[in-house]
Amino acid sequence: MTASILAAIDVTQPALDAEVLRVADRLARLDGARLDVITVVPDFGMSVVGQYFDKEFHDRAVARARSLLDEFVTAVIGAEANKSVRHIVATGKAYEEILHAAREAGADLIVIGAHKPDLRDYLLGPNAARVVRHSDCSVYVVRQPA
């Protein structure tokens, strides 16, 4: 039985990740599992590019991501279901933060989307592939259209 499911969502591409959330919600309801939803904001401060952003940029980006995540979850699974979802906004590399959140939450399953591959990432997108390779729990990959 699955007790905790983590759905990885990119709030900048809601049309692509709506199916990821629908699948995660359906699986969570089937097992009576807790549903956590994560989105990851890039860490602008750690890169060379970071010098071009003011200190408050990161805080604004996280606040905006949190708002978009809440709106997205409400739109896809409804306001009532959204009340019981734990929203996680992390900062860093997507695959690292997804794996970290899954370990911290004791997730039994990660649900993640994978775009139609091109030659560079033949089977899965780079983040999905890394999550699959390095996860301590099962990973359900939702194939997304091109």
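Read-outs: derived from the displayed coordinates by stated rules, not from any lab. As the structure is a prediction and not an experimental result, all values here were calculated from the model. As a convention, Cβ positions derive from the backbone with ideal geometry for all residues, glycine included, and neighbour counts pool all protein chains shown.
Taking amide H as placed 1.01 Å from N in the peptide plane, Gln144 has its amide H under 5 Å from the amide H of Ala114, His115, Lys116, each at least 5 places away in sequence or on another chain.
Close amide H contacts of Ser4 (hydrogens built in the peptide plane, cut-off under 5 Å, sequence separation of 5 or more or a different chain): Arg34, Asp108, Leu109. Plainly put, region 4-143 has a radius of gyration that is 0.97 times its Kirkwood radius, both from alpha-carbon atoms, as the Rg/Rh ratio.
Please compute the net charge surrounding Pro14, taking Lys and Arg as +1 and Asp and Glu as -1 over other residues with Cβ under 13 Å from its Cβ. After counting each charged neighbour, the total is -4. Ranked by the mean number of other Cβ atoms within 10 Å per residue, highest first, peptides 34-43, 67-76, 19-28 order as 34-43, 19-28, 67-76. For Thr91, nonlocal amide neighbours, meaning residues 5 or more places apart or on other chains whose placed amide H falls under 5 Å from its own, are Val41. Potential lengthening of the chain between Lys93 and Glu71 amounts to 5.6 nm, from the contour at 0.36 nm per residue minus the alpha-carbon distance. Neighbours of Ile88 by Cβ distance under 14 Å: Lys/Arg scored +1, Asp/Glu scored -1, total -2.
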